[in-house]
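Everything on this sheet refers to the single structure shown next.
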Amino acid sequence: MNDPQNPGLAAMMQNALAERVYNFSPGPATLPAEVLQQAAQEMLSWRGTGMSVMEMSHRGKEFESIHGQALADLRELLQIPKNFRILFMQGGAIGQNAIVPLNLINRVDPKQPKADFVITGTWSVKSEKEARRYGEVNVAATSQDQKYSRIPDAASWNLSDDAAYVHLCTNETIVGVEFQQIPDIGQDQGRIVVADASSHILSRPIDWSRVQVVYGGAQKNIGPAGVTIVIVREDLLGAAHPLCPSAFNWRLVDENNSMYNTPPTYAIYVSGLVFQWLKRQGGVAAIEQRNIAKATALYSFLDQSDFYRNEIDPSCRSRMNVPFFLADESRNEAFLTQARANGLVQLKGHKSVGGMRASIYNAMPLEGVTALIEFMREFERTSA
Ligand SMILES: *Cc1c(COP(=O)(O)O)cnc(C)c1O
């Protein structure tokens, strides 16, 4: 170590890069290596400031520029209309399960707060349970008796005329179903749709005529845990319950440009780097094509196999989260162990579903999915 500038740093970075695995975790999830490298390079001193983004005042002009760029990039990527506001909040999607009703369920009639829920899996069940604490909940449809293997046809939804909004989970991370589009349920007549899009936001375009509130934690398809993104049509900002905590009141958060309290600055910064990365990939339309290619490759492989299977109706299979089972479940541990030895990690299914699950978010390259398929083919061959 004769160089006090640490000649090993570049080499360390190379070694760390070589150690990286294909991480199929549902969340917190894999991030683009080049984003992590950039964050590493900027860690000690962000652009000549002599400080890390973590150490900056959220009210200073440096962080203001990071925040402003992240907002502008997100708006561009998702083509968010001018009359929608973007809020960077905390508390995760589970926090929003309470924050949404606290802000919205009184909208139609504060004396009879009410919301409709479409139940398509574990996450919408959670949202519905939490909302019950704040008003009447109507389960407009559920696919529970089909073990959430399909999304109920919108024509069969039993929607109420006096509900403040309809809640959907547009990608069910655990069971692996995804709305391929949000159905027309009278949004142009004033029906409000709220979507928990935690696990597929930015994986595909959003039709803003069909959804008026979109929320999601960043740790699945965007960036590090800690920032929750809420995109809300501006006319919906004023209906909060009087007991809604101020820091969770969408209108107050918006009026303070997401700085009502200290925002999760570092998580916003890394999310911003991911937005820039996405733009370099060609934006959401381009990443969507890659996501289709990845998901098609994996589902096609599962479907031609007798050794593996996916149980979701092909019309609503998630492009992001692919649960699958081995026909011989006694091979599960061996599968996971050998996968890990091949640099393919976090493939164990959620405990409520069992089996395996591959989460293949934006940052998972096609090569990762191909490597998984190759491994699965080989595991099948050697298990025969
Ligand atoms: C992960 C997830 C959540 C929970 O998010 P938290 O950030 O832990 O609150 C909620 N909804 C969906 C669809 C998810 O994938």
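The values are calculated or read from the model by the stated rules, or taken from the named source; none is laboratory data. Because the structure is a prediction, the values reported are computed rather than measured. Cβ atoms come from the backbone with ideal geometry, glycine included; neighbour counts cover every protein chain shown.
Considering only the stretch 3-104, give the helices (runs of 4 or more DSSP H) lying wholly within it that have at least 3 residues that are modelled with pLDDT of 95 or more. Let's see the steps before the verdict.
On the way: elements: 8-19, 33-41, 61-78, 92-104.
Correct list: 33-41, 61-78, 92-104.
The set of residues from the stretch 111-128 being away from the ligand (no atom under 11 Å from the Cβ) and touching a residue at least 24 places away in the same chain (Cβ under 8 Å) comprises Q112, P113, K114, A115, D116, F117, V118, I119, E128. Say whether the condition of being closer than 20 Å to A295 by Cα and touching an Asp or Glu at 6+ places or on another chain (Cβ under 6 Å) is met by at least one residue in the stretch 143-156. For the stretch 143-156, residues closer than 20 Å to A295 by Cα and touching an Asp or Glu at 6+ places or on another chain (Cβ under 6 Å): present. Could you please tell me which pairs satisfy a Cβ distance under 8 Å, a separation of 6+ or placement on different chains, a first residue in the stretch 259-273 that is assigned to a loop (DSSP other than H, G, I, E, B), and a second residue that is of a type in the set (A, V, I, L, M, F, W, C) and surrounded by fewer than 22 Cβ atoms within 10 Å (Cβ to Cβ)? Every condition considered, the pairs that remain are Y260/A247; Y260/L252; N261/A247. You will find that of P183, P205, the residue that is surrounded by fewer than 24 Cβ atoms within 10 Å (Cβ to Cβ), away from the ligand (no atom under 16 Å from the Cβ) and farther than 22 Å from I119 by Cβ is P205 and no other.
May I ask you to say which residue of D313, D254, D235, D303 is at pLDDT 95 or above and out of contact with any strand residue (DSSP E or B) (no Cβ under 9 Å at 6 or more places or on another chain)? Break it down stepwise before answering.
Working: D313 fails: out of contact with any strand residue (DSSP E or B) (no Cβ under 9 Å at 6 or more places or on another chain); D254 fails: out of contact with any strand residue (DSSP E or B) (no Cβ under 9 Å at 6 or more places or on another chain); D303 fails: out of contact with any strand residue (DSSP E or B) (no Cβ under 9 Å at 6 or more places or on another chain).
Just a single option satisfies the conditions, and that option is D235.
Quick check on the stretch 119-129. Is at least one of its residues of a type in the set (G, A, S), in contact with a helix residue (DSSP H, G or I) (Cβ under 9 Å, 6 or more places away or on another chain), crowded, with 24+ Cβ neighbours inside 10 Å and closer than 20 Å to V232 by Cβ? Yes: the stretch 119-129 contains one or more residues that are of a type in the set (G, A, S), in contact with a helix residue (DSSP H, G or I) (Cβ under 9 Å, 6 or more places away or on another chain), crowded, with 24+ Cβ neighbours inside 10 Å and closer than 20 Å to V232 by Cβ.
Check whether at least one residue in the stretch 222-241 is closer than 28 Å to I360 by Cα and away from the ligand (no atom under 16 Å from the Cβ), and report yes or no.
Keep residues of the stretch 222-241 that are closer than 28 Å to I360 by Cα, which gives 222-232.
This time we only want the ones that are away from the ligand (no atom under 16 Å from the Cβ), so: 232.
Yes, the stretch 222-241 contains a residue that is closer than 28 Å to I360 by Cα and away from the ligand (no atom under 16 Å from the Cβ).
Residue pairs whose Cβ atoms lie under 6 Å apart, separated by 6 or more positions or on different chains, with the first residue in the stretch 301-317 and among the acidic types (D, E) and the second in a loop (DSSP other than H, G, I, E, B), are E311/S149; D313/S149; D313/R150. Within 16 Å of the ligand (Cβ to nearest atom) and in contact with a His (Cβ under 6 Å, 6 or more places away or on another chain): is that true of L102 in this structure? So L102 fits the description; yes. With respect to (1) surrounded by fewer than 16 Cβ atoms within 10 Å (Cβ to Cβ); (2) within 16 Å of the ligand (Cβ to nearest atom), the lone exception for M51 is condition (2). Residues that are away from the ligand (no atom under 16 Å from the Cβ), in contact (Cβ under 8 Å) with a residue 24 or more places away in the chain and among the acidic types (D, E) within the stretch 145-179 comprise just one, D162.
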